[in-house]
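Let me begin by presenting the structure, written as C-alpha cells, before commenting on it.
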Amino acid sequence: MIQYPLKVLHIENQEQQHVSNKFKPSQLEELPFIFTCIRWPEDAEQMLRIQREDVSAQHGGQEYALPLLPFDVYLADLNLRDDTVIPSDFNTTQARHAEAAGLTTAALMACNFMQHPACIIPYTAYTTELEAPQYDLVKRLLPDSVLVDWEAEELISKGFNIQTLLPRISSQYRKVIRMAARAGHVSIPYMELRRLLQQLCSSQGPSDGTDDGTCHDTN
Amino acid sequence: MGQMTAPVMIPIEETMAISTAWGRRKISLRAFWYDRDQGQQVDSRDLREWLDGFTPSNDELLAWQMALRYFRLRQSEQSWKRYQLSRALQAMAKGKDGNNIKIVTAICQEIGLDVQQTMNDPKHISLPANWKYPHLISHPTTKDNDDI
C-alpha cells in the first residue's frame, strides 16, 4: 500500500461507476490515490458539516493530519441527474437537480478551503452537457487557486473511461501544486527539492541549459 | 507519452514534503507522476523541470540573505580583530598575560580604545560606531551590540 496518497473525492451518482467499484481492492491499494466516493451534493454537505470545524481547528498546525477534507482532487461527474424515482418521503433536496451539480458541488467544496490546493476534473458522457449555462458560469468565476481540467472535454470526445482519467489526476495536481506555490499557499522547502533532485537524478549535471538530461535509473 | 529520454524509477516510499497552512505534509511522489502505461518510470527531464519550477518561499529567501550577510560580516577584517581582542582579554582574565598584552595594546590603538580601561574593565567598553556589528536577528527594540 502506498503511503501518503493524494485524497480524491469522486462525485458520481451512478454507484456502479464509482472508482471503488471499477477496480479490485488489490488494484486500488497500488494506486497513489485514496478515493472517497459520494453520490449527491447532500453527501458533500454532510461531510462539510461534520468535518469543517476540525479542519479549521488544525489550521496553523505543525503536522498535516487531515485524512479526508479538504480533498486534493475532485473527480466530478458534470451532471448528477438521473431517472431514479425518489420516494416522496425520502429525505432529499433539490440540489442534485441543479445544472452541472457534480461540477458545482466540487467547486463549492474546494472554495471552502481556499488555501488548500485543489483541482477539479469534470467529466461527462454527453458533450451537450458542456454547453450548459452553469458549466459556463463556474468556468468563468472559479478562483485561480482551484484548477479545473477543462481539457477533459477532449477526453469525452475520445470516449469516456474512468481509467483514462487517473493519469490526469497526477498531471493536473502537478500543475495545481506549482500554482499554489507561486501564490504562496504552499511551499516546498529548498532542501527538499535539492534532496529529490540529488536522489532521483544523482548523476545529472546542473540544469543550466548544458544539461544533457542524463538521469539513470536509481533502482 | 512518447519514448523517454532518460527514465528514472520513483521508489514506492518516495515522498515530497510540502509546507501548507495546515502544517507540514508528505505526499507520495508517485501520486504526482502516475501513469499506468509507463509503470513507475518518469522522464527525468520532466521531473527535473517540474522540480526546478518551484521557487523558494519569501521566508527562505530572507533566511538566505541573512545567512549571506552574516557570513560576509564574519569574514571581515574587523570581525577577525574583534575576535583576537576578545580572546586575548579572556586569556588575560585567566592570568595568561604573555603576548596577550601586546595584542590588546595593538588592537586597542587601532580601534581607538583606551588600552588601560579596556584591560581593567573589558565588559564596559564601547566600540566606535564603525567597529560595531548588528545582532544576528535584528529587531527594532534591540540595540546594536556594544560589547566586544
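Each value in this text was obtained by applying a stated rule to the coordinates, not by laboratory testing. Computed from a predicted structure; not experimentally measured. Virtual Cβ from ideal backbone geometry, glycine too; neighbours counted across all protein chains shown.
Each listed q (0.09, 0.13, 0.14, 0.21 Å⁻¹) maps to a log10 I(q)/I(0) for chain B, found by the Debye formula over equal Cα scatterers with no solvent: -0.57, -0.73, -0.79, -1.27. Mind jotting down the distance between the C-alpha centroids of region B:1-61 and region A:111-141, whole Å? Between the Cα centres of region A:111-141 and region B:1-61 lies a distance of 26 Å. This model, with +1 at the C-beta of Lys and Arg and -1 at the C-beta of Asp and Glu, gives region A:1-134 a dipole about its Cα centre of some 180 debye. Approximating the spin labels as points 7 Å out from Cα along Cα→Cβ, the B:E77-to-B:R24 distance works out to 4.3 nm. Taking a straight Cα-Cα cut-off under 18 Å and skipping sequence neighbours fewer than 8 places away in the same chain, the lysines within cross-link reach of B:K94 are B:K102, B:K123.
Electrostatic tally near A:V186: other residues with Cβ closer than 15 Å to its Cβ, Lys and Arg +1, Asp and Glu -1, net +2. For region A:59-67, backbone phi angles converted through the Karplus equation (6.51, -1.76, 1.60; θ = phi - 60°) give residue-by-residue couplings of 4, x, x, 7, 10, 5, 9, 10, x Hz, Gly and Pro being listed as x. Each peptide in A:106-118, B:15-27 receives the mean, over its residues, of other Cβ atoms within 10 Å, and ordering these scores from highest gives A:106-118, B:15-27. Can you give me the Cα centroid spacing of region A:66-82 and region B:83-103 in angstrom? Rounded to whole Å, the Cα centres lie 72 Å apart. Relative contact order for region A:43-149: 29 percent, from Cα pairs under 8 Å spaced at least 6 residues apart, divided by residue count. Out of every Cα-Cα pair that region A:1-125 contains, those further apart than 25 angstrom amount to 28 percent.
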